[in-house]
1. State which residue pairs qualify: first residue over 28 Å from Asp270 (Cα atoms) and inside the range 449-466, second residue assigned to a loop (DSSP other than H, G, I, E, B) and open to solvent by 40 Å² or more (accessible area, probe 1.4 Å) in any location, beta carbons under 9 Å apart, and separation of 6 or more residues or different chains.
2. When the residues of the range 435-474 are filtered to those that are touching a Ser or Thr at 6+ places or on another chain (Cβ under 9 Å), of a type in the set (A, V, I, L, M) and under 25 Å from Gly122 (Cα atoms), which remaining residue is surrounded by the most Cβ atoms within 10 Å (Cβ to Cβ)?
3. If the Cβ limit is 9 Å and pairs must be 6+ apart or interchain, which residue in the range 232-246 that is within 14 Å of Pro214 (Cα to Cα) pairs with which residue that is open to solvent by 60 Å² or more (accessible area, probe 1.4 Å) and outside any helix (DSSP H, G or I)?
4. Looking at (1) modelled with pLDDT under 95; (2) under 20 Å from Ser166 (Cβ atoms), find the lone condition where Ser472 falls short.
5. For the condition modelled with pLDDT of 95 or more, over 18 Å from Asp199 (Cα atoms) and buried (at least 19 other Cβ atoms within 10 Å of the Cβ), what is the one hit in Val56, Val5, Val77?
6. So the check is Cβ under 8 Å with 6+ separation or different chains; which pairs have a first residue in the range 382-405 that's closer than 25 Å to Gly332 by Cβ and a second one that's open to solvent by 50 Å² or more (accessible area, probe 1.4 Å)?
7. How many residues does the range 315-357 hold that are touching a Lys or Arg at 6+ places or on another chain (Cβ under 8 Å) and of a type in the set (Val, Ile, Thr)?
8. Out of the range 315-333, which residues are in contact with a Ser or Thr (Cβ under 9 Å, 6 or more places away or on another chain) and under 28 Å from Ala414 (Cα atoms)?
Amino acid sequence: MTDLVDIATEREWGLFIGGKSVPALSHDTFRTVSPTTEAEIASVPNGSSADVDAAVTSAEAAFDGWSARTPKQRGNVLRAMAAVLRDNADELAALDAADAGMPYTGMHNDVEWGAEVLEMFGDWTRNLGGQTIPASTEHLHYTTRQPYGVVARIIPFNHPIFFAASKIAAPLAAGNTVVLKPAEVSALSALRMSELFADLLPAGALSVVVGNGPEVGRALVRHPSIRRVGFIGGEATGRAIQRDAADVGVKDVSLELGGKNAMIVCPDADLGRAAASAVAGMNFAVSSGQSCGSTSRLLVHESVAGGVVDEIDRLIAAIRIGDPLDPTTQMGPLATRPQYDKAMGYIAIGSAEGAAIASGGGRPPSWPSDKGFFVQPTVFTGVDPGSRLAQEEVFGPVLSVITWRTEAEAIAIANGVRFGLTGSIWTNDLKRGHRLARDLHTGYIWINGSSRHFWGMPFGGVKSSGIGREESMEELLSYTELKTVNVFLD
């Protein structure tokens, strides 16, 4: 595995435009840094708006040919892409482990999940038909679905290969061509993926452009030839994308943004399973808590809170923290120095606000070096629902425990944040479970579960957590425009 990383990180990297790997037009580069050792690991082309223009021009040239393929033909290509991902899973997982600090085993799963989503949308290409509508008795009225053209997809750093593979699936299935922008701190697997797909897609159908800073993303959003933008990332950036898009035209923008998600544990729940789900729901393993869907507020009934927290502490102590390239590691470092500083900052904020640290609270003593962006899984108890720790997204391994007495109080606390992405409810009372699910202001809910996504179930948030739904038929349709045709038969 180390050999894979050495070969991949020492090679010359390029942007992927026009079906081949190319340097940035400026020939400028930037260095990526290992979150494990803080050493430089790769030189990546520093793309700019000029490279975006080149990618869009290439995508426009490829659009007519790609969109003219039958749905079956496009579906076959997506399934072939899934097979290529699986054939190269070792390399892609190792790149993400080295580049972003995500454990190798978890990234192997991400490769598989990306392949499954490609296959799902490949299977669904034949569902892109329209409807006949009986708007009158003497004429024929029908609708068709057509692709937008060139689509921009902007993805975050926390699941690099999964997002790179899965977020191009729906646009390509619908007949669009795609310009993908991965996060600059974890771009290697997306760049490598595009090379692996070169023989499957027509030149220009997929481009990957990365740059060290906001220029590439802004150029994509503001490009006059791009009318459809899909973004995953922070709330502030999502709002900036909306402003930029509106400033230059009328664009369809979908946003999957942040979360400050609640897990509600009722006193009748299976408390052992609920505690395990709270740990799983925080995504300590794989992403070190860097997940917008993490259930980072544990709302547990006051009568059972002590036992649940004790079990969480026991489970957290068993998490193996270490080198993400070690297949036995369950939790690696945070992806960047700013992410590390932010997490440590919120730990200080929580303590200053009067919450108590039940476990964690700093760097793991098991890590033998002062290098690396490692933070222990940290649990705070006695958290005030109105405090910064309970209101603001940490995007790191920090869990806030809040107690409640009545269902109404639990719902008020759960809904008392500006976000609404996911939620979890633990109860053995069927009516209570559905009642709480009805009243939670979130887009995606688990009852007696957490964390897991089910392909085909629409994923997305409400309020400041975003607009639109993904991983579902809704996502596929969102990359098409509806056309209405009225045929006068008399």
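The values are calculated or read from the model by the stated rules, or taken from the named source; none is laboratory data. Keep in mind that what you see is a predicted model, and the values were worked out from it rather than measured. No Cβ is skipped: glycine too gets one built from the backbone with ideal geometry, and neighbour counts run over all protein chains shown. Side chains included, ligands, DNA and RNA excluded: accessible areas come from the protein's heavy atoms. Shrake-Rupley method; radii C 1.70, N 1.55, O 1.52, S 1.80 Å.
1. Val462/His441; Lys463/Arg418; Lys463/His441; Ser464/Arg418; Ser465/Arg418
2. So in the range 435-474, the residues touching a Ser or Thr at 6+ places or on another chain (Cβ under 9 Å) come out as 436, 442-451, 455-463, 465-471.
Subset that is of a type in the set (A, V, I, L, M): 436, 445, 447, 457, 462, 467.
Narrowing the set further to residues that are under 25 Å from Gly122 (Cα atoms) leaves 457, 467.
Details: Met457: 11, Ile467: 16.
My answer is Ile467.
3. Thr237/Pro214; Gly238/Ile467; Ala240/Pro214
4. Result: Ser472 fails condition (1) only.
5. Numbers: Val5 fails: modelled with pLDDT of 95 or more; Val77 fails: over 18 Å from Asp199 (Cα atoms).
Within the list Val56, Val5, Val77, the selection yields Val56.
6. Leu389/Glu353; Val394/Lys342; Phe395/Lys342; Gly396/Lys342; Val401/Gly382
7. 3
8. Answer for the range 315-333, where residues must be in contact with a Ser or Thr (Cβ under 9 Å, 6 or more places away or on another chain) and under 28 Å from Ala414 (Cα atoms): Ile316, Ala317, Met331.
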